[in-house]
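Readers should treat all values here as calculations from the given coordinates under stated rules, not as data from a laboratory. The structure displayed is predicted, hence computed values, not measured ones. Cβ sites come from the backbone with ideal geometry, for glycine too, and all protein chains shown count toward neighbours.
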Amino acid sequence: MMNAPLNPIVAAMLAGKDPITALIGERRSVPVSALEISRYNVRTKETDLSELVALIYSVGAVLNTLVVVVHRDKKGKATGKYGVVAGGRRMRACQWLVSMGKMPADFEVPVLIVDEAQAEQLSLAENHGRMAMHPVEQFKAFASQINAGKSIETVAANYGVTPKVVERRLELAKVSPRLVAMCERDEIDLEILMAFTLTDDHVVQEGIWDSTQNWNRTAASIRQRITAGEVTNQSRYGRFVNPEEYVAGGGSIREDLFSDVVYYKDAALLEALANRKLTQIAEKIKEEGWAWVEAVPDLNYRSMQSYRTAPSRYREASSDEQAEIDAQSDVASALRQRIDELDAELEDCEDDFDEGEVMAKREALDDQGGWYAQLEQAEQRLSDLQAKLEIEHDKAQLGVVIGLDYSGNLEVRRDQLREGERIDDDGVKIARTEPDQVSENDSTGEATVKTKAVHNKQLTLSLTAHRTAALQASLTKRPEVALVAVVHQFVARRFYPHFEAGPFHVGLTVPYLKAQAADIEDSLAFAFLNAEEAKWREMLPPEVEDLFAWLAIQPQSDLVELLAFATSGALNAVQDREIRLPLADAIADATSCDMAEWWQVTGSNYLSKVSRERILSVIAEVVPASLPRLSAIGKKSDLVKAAEVELAGKNWLPEMLKQPI
C-alpha cells in the first residue's frame, strides 16, 4: 500500500524549515481578516467598488483567486497576515461587506501564495488586464522595476506594452512631485503633466502652474510658455533642416517624447543652417549647366515676381502629326459641346425646382457615354501629342530658382528668366527694359483648356464654408499662428502697395457661413467656435467703453488667446470655384488643420449632391472591394445610402478640403 504524501507544512517542520515557506506556490483559502494590501501592489488609486461589492454579495463568494505574499516581522517570522499583491479591489470589497455586517470576518477567500521576487511583476500583469491603471500608478510601477535593474524592454514585455509606452511613463519622472501627486488625485490632466516634461526644472514647472489662470491651464498653453521663442520641426525651416543636421550645426534641441514635435532652441541658427543647405543644393544644380541658380528661402507668389518661366517653344508639326492633332482636337470639342448642352439642360431643370427631372438629367450627364471621362482622355491625348513638338530649352540661356514653400518643402523651378529678360523664337536670351505682358490666362501666356469642375457652384460654396469654419477653429487653437496672420496683413498693407488680401481680412467682418452651408451649425468646428465665444463673453466687460482698460490689465498670454479667437473671424475661405487659396492653405498647414477631424462625408452633405459616376469613383478610391456591389445598385438614392455606410469612418475628403502635398 502506497503511503499518502505528507502535508507540505508538516514536511517542512520535520525538515527543520520555516513551514510558511512551504506554502509558496500553493493555492489555499484564508480569512478576510488576515488580508491586507502589500507594498508590492502597484495599484494605489482608489476606485469605485459598488459593482464588485454587489457581485460578491449576490454570489456569496470571491470568484477569482487573490495573489498574496506572506507578511513577516523584522525577524523574518510570519505575522499571520497576507499581503494582497493582485486582487486588492476584491479584498477591499470583502472588507467593506465585513464592516457592514454582511459577511463574517472569518469568511475565507481563495489565494495563491507567491514569492516576493515575483510579487510586483504579477501585480503589474494582474492590473494591466483589469481596470485600467492610473498613468501615475504605471509610472511608479515601471520606475520601481527599472530601479530594480530590469531593462525597458523587459518591463514592456512583462506588462504587455511597447517599450515606447514605458519610456513615456518614465518621462514623468521629470515632473515636480507636487504636480505628479495632483495628477494622481485627478486635479491635473495627464496631457498637462506630459507637457511639463519639456523641462526638468521643477521650479519653472510649479511657477508656470501657479501663475496660470484656471481657464488657461491647458497642455498647449504650458508648452507655449516653456518653449517661448523656440521653433519647432513643424515650421518651414524646421521641416527643411532635420534635428540631426541642426545639432551637427551646433544647435541644441528640446524633444517632446509624447509627440513628434522637436523644438529648436536657436531660431537664428536654424535659419542660417537652412540658408546654407539651400546654397549647397543650388551649387549642385548649377553643375547641370544652367546659366545661374538662385536660392530664395521663402518661395511664394510675391518672391517669384522677379522671375518667370520661359515660354515653351514648339517645332512645326509634320502633316501626319498635324492631322492627328486636328482629329483629336475635334473629338475634344465635340465632347465639350455635348457636355455644355447637358449642363444647360440641367441648369434649366434646377431653375424649375423639378427634383425628379434634375436627377434624371444628372444621371444622363454622368452615365450616358461617360462624357467627362471621355473628355479627360481626349484632352490628355491632345496634350501628349503637343508635348512631342516642344523644343527643349538651352540651359546655358536660363536659370533655376530654388526655395521653400509654406510647408518647408524644397521647390526647384527650372527654365527661369530674371526680370528684364526674354528669349527670342530661336531660344536666345535677350535683355530688355520692360517685362513681357503676360496673358491673364496663365503665367506663360498660353491659353488654358477649360475643364469641367468636379463640384457645382453651390456644393463648392458649402464645402469651402465648412473648411472656413474648421480653419477658424484651428486658428483659435493656435494663437501664435493668429499673431503671424495679423502681422502679415498689417505689414503687407503697409509695405506692399499691390497686396491682395485673399481669404484673410483684417478689417473684421465675420462671414455668415450658414448662407453657404445650411448644416454648418451642426458641425464640430461651429460648436467649438460657439463655446469659445461663450467663454470670452463671460469674461469681457459688458460695455465697449470699458474694453480698452480691461484689456490693458490682462496678462499677455490672455491677450494672445483672445486675439487668436477674434482674428479667426477675419478668415473667409468660402468660394464658388475649385481653386486653391494659397494663404488659406498656409494657415491650414501652420495650424495643422486636418479637415477629417471636422468634416465627415454623408449622404446629405455631399453624396446626394454629386453624380452617380462621382460616387462610384470615390468608392473605387477608398473601398475598391465594394465597387462591384455598389455599381449594381440601380437607384441613386439607394446608392447614396450604401456609399455613406461604406465611407463612414474612412476620413475621405474631396480634393478641395485636402491640404496640398
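Data table
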| read-out | value |
| --- | --- |
| Where Rh is the Kirkwood radius over Cα pairs, Rg/Rh for the range 172-318 | 1.22 |
| Contact order normalised by residue count of the range 523-630, Cα under 8 Å, 6+ apart, percent | 23 |
| Cα centroid separation - the range 585-608 against the range 146-221, whole Å | 33 |
| Counted charge near residue 209, where neighbours are those whose Cβ lies closer than 11 Å (Asp, Glu -1; Lys, Arg +1) | 0 |
| Net charge of Cβ neighbours under 14 Å - reference residue 558; Lys, Arg +1; Asp, Glu -1 | 0 |
| At q = 0.19, 0.26, 0.31 Å⁻¹, base-10 log of I(q)/I(0) for the range 175-226 (Debye sum, equal scatterers on each alpha carbon) | -0.52, -1.04, -1.51 |
| Neighbourhood charge, 13 Å Cβ-Cβ cut-off, centred on residue 233 and excluding it, Lys, Arg +1 and Asp, Glu -1 | -2 |
| FRET E, pair residue 631, residue 594, Förster distance 30 Å, beta-carbon r, rounded to 0.05 | 0.50 |
| Long-range HN-HN contacts of residue 109 with modeled amide H, under 5 Å | 30, 32 |
| Trypsin sites (Lys or Arg not before Pro) within the range 246-340: DSSP coil, no more than 15 neighbouring Cβ in 10 Å | 265, 302, 315 |
| Of 140/164; 284/388; 286/395; 164/265; 74/140, pairs whose Cα-Cα distance is over 18 Å | 284/388; 164/265; 74/140 |
| Cut-off under 5 Å, modelled amide H: who pairs with residue 412 long-range | none |
| Karplus 3J(HN,Hα) series, Hz, for the range 410-419 with 6.51 cos²θ - 1.76 cosθ + 1.60 (x for Gly, Pro) | 6, 10, 10, 10, 8, 6, 9, 10, 6, 4 |
| Amide hydrogen neighbours beyond the local backbone of residue 81, cut-off 5 Å, H modeled | 71 |
